[in-house]
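First up is the structure itself, then whatever we jot down about it.
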Amino acid sequence: MIIHTPKVSDIQDKKVIVRVDFNVPLKKGANGGGTKFVVADDQRIRSALETILFLKEHGSKIILISHLGRPDGKVATEFSLEPIAFYLHQNLGLEVDFASDCVGKEVAKKANKLKSGDILLLENLRFHSEEEGNSEVFAKKIISDTGAEVFINEAFSASHRAHASIVGLAKLLPSFAGFDLSAEIKILNKILEKAARPFVVVLGGAKIDDKVSAVKNLSRLADLVLVGGGIANAFLKASGIEVHKSFMGKDATTNVKIAKEILDEHQAERTLVSDEDQKQGLPLPKVVMPIDVLAAKNQDIVDEKDVVYMELLKDVKDSEKDLDLQYLDIGKETISLYKYLLSKAKTIFFNGPMGVFENPLFAKGSRNIAKSIANNTTDFGATTVCGGGETNAVINACGLRDRFTHVSTAGGAALEFLGGEKLPGVEILKR
């Protein structure tokens with residue numbers, strides 16, 4: 001795959017529009033006096049800095065565009081990008097002007113005043129429904145109002161979406177990949193094309209509706225797929241194991257069906273995980289599911305007495321007699337099994353926590369798995385990649401960011417890329 005990053009001659013003294021992903025978590029706090037929304041995690045902001053500073057150094061007039069949250073085509077204060085402009089200035093030392101829309105007279109006026117090295121951040125693209133509708137008229141309007149001459153995509157984490165700012169602008173302007181997007185593609189291509197084996201994928205999290213389908217391709221690519229969190233529940237259910245009232249995604253029926261198809265496809269396959277010292281082998285199915293879990297009536301409980309430990313190796317046949325319980329973390333035996341399997345891996349891709357890690361009662365599984373993967377990087381030289389907002393939150397909480405080979409800002413995009421999907425925002429850059 002050949003995609004080009006910009007050379008100096010491509011952008012010098014030109015007006016460059018950069019699609020960044022500033023879809024970062026916000027929290028209430030002090031923001032320039034008064035209580036407003038402030039940035040809670042700046043990883044995605046910092047991932048765009050190399051490209052922004054390169055453009056600034058070479059005299060580009062820089063226009064940054066992004067989405068934030070899901071405002072559904074309507075203006076909503078809680079989804080404004082203004083706190084990002086404040087953060088860029090206050091925390092990163094960048095002078096940034098802010099426009100209260102992404103098209104219109106104010107945008108045109110401020111863009112027209114830009115001088116070499118100046119930066120203008122436009123308001124949330126998704127305040128306009130035309131953005132997610134990939135409207136060519138909307139893309140042309142952005143270009144005409146800003147006077148943009150060059151487009152750079154520095155939003156790999158949004159490149160699995162065929163939106164106006166991702167695909168539409170790239171069709172209409174000379175287009176390049178940002179430096180971070182290019183780095184993401186290189187590391188993921190390395191995994192796809194020449195991953196050292198055993199290659200183990202760890203998948204978890206609550207947003208499972210897309211992930212269950214991605215497992216189809218990843219299970220063919222990887223030697224083992226270790227599942228946890230909500231995605232594991234769909235596989236347990238598909239195996240005829242009782243999950244009671246556990247979360248299985250918005251479309252649980254479809255997810256369980258896909259999980260069953262995946263299990264049927266690989267039912268005859270076994271991966272031999274060997275212990276070289278003892279010269280023994282442990283044959284395992286391609287998709288490895290939890291063998292024990294921590295459960296409770298809901299994820300918000302605060303008393304450890306309300307946590308129920310459940311083994312899934314016996315007396316767990318699926319029935320209609322559901323208890324008022326949800327599976328909220330993997331258990332101690334699953335943690336031990338997964339840690340052993342990860343210790344044998346040469347390549348690991350980690351996407352999604354093993355449970356509801358925001359609650360300390362259900363964080364042990366995610367933290368242990370994250371630490372195990374990090375140890376494999378530093379102690380045994382494995383290639384380890386993690387991606388997704390929740391996954392990054394886990395490794396940040398454990399202080400492990402620097403102990404992974406690569407920490408991706410992308411969750412869904414990285415997962416789809418490794419699953420063999422063509423990402424619209426990347427494909428358009430191949431031209």
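Nothing in this text is a laboratory measurement; each read-out follows from the coordinates by a stated rule. All values reported here derive from a predicted model rather than from experimental measurement. All Cβ positions, even for glycine, are placed from backbone atoms using ideal geometry, and neighbour counts span all protein chains on display.
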Q: Determine the dipole magnitude for the chain: charges of +1 sit on the beta-carbon of Lys and Arg, -1 on that of Asp and Glu, nothing else is charged, the reference point is the Cα centre, and the result goes in debye to the nearest 20.
A: 820 debye
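Could you list the trypsin sites (Lys or Arg not before Pro) in the range 22-130 that lie in coil according to DSSP, counting only those with at most 13 other Cβ atoms within 10 Å of their Cβ? Write down the numbers at each step before the final one.
Values: sites: Lys27, Lys28, Lys36, Arg44, Arg46, Lys56, Lys61, Lys74, Lys105, Lys109, Lys110, Lys113, Lys115, Arg126; in loops: Lys74, Lys113, Lys115.
The qualifying sites are Lys74, Lys113, Lys115.
Going by average Cβ neighbours within 10 Å, how do the peptides 343-354, 284-295 rank, with the highest at the top?
343-354, 284-295
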Q | Along principal axes, Cα extents of the range 195-418, largest first, whole Å | A | 46, 39, 37
Q.
Using alpha carbons only, how many angstrom separate the centre of the range 300-314 from the centre of the range 360-431?
A. 28 Å
Q: Please label the shape of the range 8-183 as rounded, prolate or oblate, based on the square roots a ≥ b ≥ c of the eigenvalues of the alpha-carbon gyration tensor (a/c under 1.5 means rounded; beyond that, a/b larger than b/c means prolate, else oblate).
A: rounded
Q: Using per-residue counts of other Cβ atoms within 10 Å, averaged over each peptide, order 259-267, 355-363 from highest down.
A: 355-363, 259-267
Q | Amide H within-cut-off set for Phe176, under 5 Å, with H built and near neighbours excluded | A | Phe151, Ile152, Asn153
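Strictly over 28 Å apart at the Cα level, which of Lys36/Lys371; Lys207/Lys286; Lys245/Lys364; Lys190/Lys245; Lys216/Lys430 would you flag in this model?
Violating the 28 Å Cα-Cα cut-off are Lys36/Lys371; Lys190/Lys245.
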Q: For Asn189 paired with Glu57, estimate the spin-label separation in nm (one decimal), with each label point 7 Å from Cα along the Cα-to-Cβ line.
A: 2.3 nm
Q | Distance between the range 247-269 and the range 181-206 - C-alpha centres, whole angstrom | A | 22 Å
Q | Vicinal HN-Hα couplings computed from phi for the range 234-239 (Karplus, 6.51 cos²θ - 1.76 cosθ + 1.60; Hz; Gly/Pro x) | A | 5, 6, 4, 4, 5, 8
Q: Would you work out which of Thr5, Leu418, Ser408 lies farthest towards the positive end of the dipole of the chain, given +1 charges on the beta-carbon of Lys and Arg and -1 on that of Asp and Glu, about the Cα centre?
A: Thr5
Q: Quick one: work out the % antiparallel among DSSP beta bridges in the chain, nearest 5.
A: 35 percent
Q. Normalised by the number of residues in the range 8-183, what is the relative contact order in percent for Cα pairs under 8 Å and 6+ residues apart?
A. 27 percent
Q: Could you order peptides 310-322, 77-89 by the average number of other Cβ atoms within 10 Å of their residues, highest first?
A: 77-89, 310-322
